[in-house]
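What follows draws every value from the coordinates through simple rules; no lab data is involved. None of these values were measured; they are calculated from a predicted model. All Cβ positions, glycine included, derive from the backbone under ideal geometry; neighbour counts span all protein chains shown.
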Amino acid sequence: MSASPPDPNATPIARPTVLSLAIKEKAALYAAYMPFLKNGGMFVPTQKPYKIGDEIYLILALMDDPNKYPIAGKVVWITPAGANNNKAQGIGVHFPDDETGQRTRLRIEEILGAALRSSRATHTL
């Protein structure tokens, strides 16, 4: 029995890009975290081109936390190269509305604590 040839008109299934981000200090976490997104999110410095809505698989490491936080998120923010105010080039990844997104958001907000109410500049707003 032979397999039928692949359909030349079929659209290939796009696999999410895997990115990893290691945050080593609280100031860097504050600058990268996006609390204004419904489920929270993270700015990820990258020079790869992305579009709004692209699916991203992010592996996040937070300072001394031995856990890694795997997040299947979507691109909701793009800072292009050469952006105003010397902002870092990269993307904003919105955490999913599921257990992994909630666990990650809660952990980040636990680490940041009162710093969340700071008016210091971040990578996004």
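Structural remarks
- Charge tally for residue 91 (other residues, Cβ to Cβ under 15 Å; Lys, Arg +1; Asp, Glu -1): +2.
- Amide H within-cut-off set for residue 56, under 5 Å, with H built and near neighbours excluded: 73, 74, 75
- Amide H within-cut-off set for residue 91, under 5 Å, with H built and near neighbours excluded: 44, 46, 79
- Cross-link pairs exceeding 21 Å between alpha carbons, from the set 51/87; 24/68; 51/74; 26/74; 38/74; 26/87: 26/74.
- Multiplying the residue separation of residue 59 and residue 17 by 0.36 nm and removing their Cα-Cα distance gives an extension gain of 14.0 nm.
- When the alpha-carbon atoms of the range 17-115 are used, the pair Rg, Dmax equals 12.6, 36 angstrom.
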